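What follows is a single structure, written as structure tokens, with notes after it.
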Amino acid sequence: MLVVDKSHCKLGASGGNSLNMNHDNKKQCMKLSLRRNYIENAEDILQDFSSLTWLCLSANALNSIPRAMIQLSHLKHLYISNNKIKLIENLEKCPDLETLDLRHNRLQEISGVAHLIKLSSLSVSGNSIKDISPESIPTEQLVFLGLYGNQISDFQTIVSVVRSTKKLNKLFIGANPFCNNLPLKSTFNVSVCLTHLKNGAKRVKCDEDPLNLSKVIELLRSECPSLTNLDNNLICNH
């Protein structure tokens, strides 16, 4: 398996997008990392990489998911976090996609992924998403869902999504407006305390009632018994 790592290569700076690879090597490449460059347009770069199963375009300057994705029919894992993407698109020809990482972009909605029936990991944390529904995401194989740090105000939409899944095991939902709208006055403070405990602290002073957070956990678990790691992952930053 040919693996190519072109991270930190200043690609895109001053218009330089050349990977200095011949046609045959591109065809044989199955794993390509282009993270932490200055790429604004990846159309030319991705040409001829038709065998890719793993692609990382994180930490660039992309305004959209490259249209060149339509040629990557074998792709299983796509990491494209920390860009400027506003819309999920051009994934129609990626039916085998299992991992989609879109953290820290500029998304306002989840769309364009419902057909990805093999998707097991979807992370859209750190965006501006206001709503989510079972119809907007493929839930059949979903094991991990990251929604941390968005603009979701209706907790019942989270419950609806959880109810529609069969294999969901990890769910990150902290730092959304619904945390303040719930009749649970201590969600934020309890989360901070749990974070300190996870980082090694033996005891953390907390003036709030930790049972408030446990009520959220109890409700979600009643909807999806497979959420075995919810206690810790509820408050993780992913």
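The values are calculated or read from the model by the stated rules, or taken from the named source; none is laboratory data. As the structure is a prediction and not an experimental result, all values here were calculated from the model. Note that each Cβ is placed from the backbone with ideal geometry, even for glycine, and that neighbours are counted across all protein chains shown. Only protein heavy atoms, including side chains, enter the accessible area calculation; ligands, DNA and RNA are left aside. Shrake-Rupley method; radii C 1.70, N 1.55, O 1.52, S 1.80 Å.
Ligands, DNA and RNA are left out, and with a 1.4 angstrom probe the accessible area of the stretch 16-140 is 45 Å² per residue. Between their Cα atoms, which of Lys31/Lys166; Lys86/Lys166; Lys10/Lys170; Lys118/Lys170 are more than 27 Å away from each other? Violating the 27 Å Cα-Cα cut-off are Lys31/Lys166; Lys86/Lys166; Lys10/Lys170. Ignoring ligands, DNA and RNA, please state the percent of accessible area on the stretch 58-181 from carbon and sulfur, probe 1.4 Å. The computed percentage sits at 45.
Taking Cβ atoms as reference points and 9 Å as the exclusive limit, the residues near Lys76 contribute a net charge of -1, counting Lys and Arg as +1 and Asp and Glu as -1. Starting from the Cα gyration tensor of the stretch 1-74, take the square roots of the eigenvalues, sort them a ≥ b ≥ c, and report rounded, prolate or oblate (rounded when a/c is under 1.5, otherwise prolate if a/b is larger than b/c, else oblate). In terms of gyration-tensor shape, prolate.
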